[in-house]
């Protein structure tokens, strides 16, 4: 009986050390994991909240429906279109916290297209949250499919920019930085990180 | 065999290291009486939003009051582990149901409850390894790793995070930072205006040199406070000064970020560092929590 009680106390002490060790080692691992997998440091108990802007307030989702002529040519000119978008989006009040859709106009230049009531569905909001906080390609794909359906662009290829606001106080400039993705009929592709820093 | 022995020695080394961290971070320990008040706080903090979802004064349901009273009686009795298990269940369910968007301090509360629940009875072997001292060490790590994140993520090194908030002015923190800048600029006879910048655009900013210096200085003050104040708790000479500074710093975090709910948890753990007057400080904290009602 005495031995069992002693063993139980030892097991409890061991459990205490295991839990405390996990809690002490997890934050540095979380820091590395957030960098490697691109999820927001605000999540998963790593104490990284307020270390960078909340994705919901400082990240915008921009989608460009590609013309069929561009879409068929392998890797799309995502840097060129990003520069075009940077010049277009001069009025921040036009930018939606939900989804910003751009389509080529008759002259070929990009135009903003209103997406009415898109983010009223809880399902779409869930996909948006997962996309912004965890860069989840699965949820981004669901968003892209839903927006293609709503804008009746079923077979179109889409370029997606997850755009963040950046500042350089030393040079007194604001610029944007984006993670670019390409969605065609095959697997979505991550194209890389680009910015319009002068 | 060799691997097992090496693992065992690594485990012993880690246990010894952890114990020495505990001795230095908590030389005064945590008395059983103090821990009872901390348990009561956690019980009220975790159960109140569930029992009184519309607010403490809005829904004074007899049944909810009854459940809370029974839980509090259990928490201070010899069956406190049963109460802790129930509260940990509620806290765990809250974390599970909001996963993966669970708020971080919900995790801290859950871990604190698990440590309290699994704490073995005091003996010579477990004299240092107590739940109260481990919870204090965890809180030290929360501040420290927050500072590490701020260095590694890069948004604080050049004042970018605070400037983004202040220039955006679409969050409570942004508005308060802009107001703080205007106050500081007024004292320095500087131009108080800040350009408005909503996400996302590329352009010249027009922030003055003093404005840039203000945001960079504020960022580094935050980083240094988060890294150095927790470390200063380990040294006898700086311990009480660091403790006082952490009380003030935590209040500033709560004011600027609006994270009132987290502030109550942080203050409850901070009070574990103060082994006197706890019969007064915890009831005041609990009363303040119910009065402010951050969940309602």
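The values are calculated or read from the model by the stated rules, or taken from the named source; none is laboratory data. Keep in mind it's a predicted model, so treat the numbers as computed, not measured. Note: ideal-geometry Cβ built from the backbone for every residue, glycine included; neighbour counts use all protein chains shown.
Within the stretch B:164-176, which residues are crowded, with 17+ Cβ neighbours inside 10 Å, within 13 Å of chain A (Cβ to nearest Cβ) and farther than 16 Å from residue A:51 by Cα?
B:167, B:168, B:169
Scan the stretch B:204-222 residue by residue and report those that are within 30 Å of residue B:133 (Cα to Cα), surrounded by fewer than 19 Cβ atoms within 10 Å (Cβ to Cβ) and touching a residue at least 12 places away in the same chain (Cβ under 8 Å).
B:220
Kindly provide the set of residues from the stretch A:124-143 that are without any contact (Cβ under 8 Å) to a residue 12 or more places away in the chain and surrounded by fewer than 15 Cβ atoms within 10 Å (Cβ to Cβ), ordered by number.
Scanning the stretch A:124-143 gives A:125, A:138.
Just name the residue that is surrounded by the fewest Cβ atoms within 10 Å (Cβ to Cβ) out of those in the stretch B:109-151 that are free of Cβ contacts under 8 Å to residues at least 12 places away in the same chain, over 16 Å from residue A:21 (Cβ atoms) and at the interface with chain A (Cβ under 9 Å from one of its Cβ atoms).
Filtering the stretch B:109-151 for residues that are free of Cβ contacts under 8 Å to residues at least 12 places away in the same chain, over 16 Å from residue A:21 (Cβ atoms) and at the interface with chain A (Cβ under 9 Å from one of its Cβ atoms), the one surrounded by the fewest Cβ atoms within 10 Å (Cβ to Cβ) comes out as B:121.
Matching residues to (1) more than 7 Å from chain B (Cβ to nearest Cβ); (2) over 30 Å from residue B:219 (Cβ atoms); (3) modelled with pLDDT of 85 or more:
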position	(1), (2), (3)
A:6	yes, yes, no
A:27	no, no, yes
A:36	yes, no, yes
A:54	yes, no, yes
A:63	yes, yes, yes
A:81	yes, yes, yes
A:86	no, no, no
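Given the criteria touching a residue at least 12 places away in the same chain (Cβ under 8 Å), within 26 Å of residue A:175 (Cβ to Cβ) and assigned to a loop (DSSP other than H, G, I, E, B), does residue A:115 qualify?
So residue A:115 passes the test.
Condition check ((1) over 23 Å from residue B:57 (Cβ atoms); (2) touching a strand residue (DSSP E or B) at 6+ places or on another chain (Cβ under 6 Å); (3) at pLDDT 95 or above) across all residues:
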residue	(1), (2), (3)
B:203	yes, yes, no
B:218	yes, no, yes
B:225	yes, no, yes
B:246	yes, no, yes
B:256	yes, no, yes
B:288	no, no, yes
B:294	no, no, no
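Go through the stretch B:153-163 and count every residue that is at the interface with chain A (Cβ under 7 Å from one of its Cβ atoms), modelled with pLDDT of 95 or more and part of a helix (DSSP H, G or I).
Of the residues in that region, 3 qualify.
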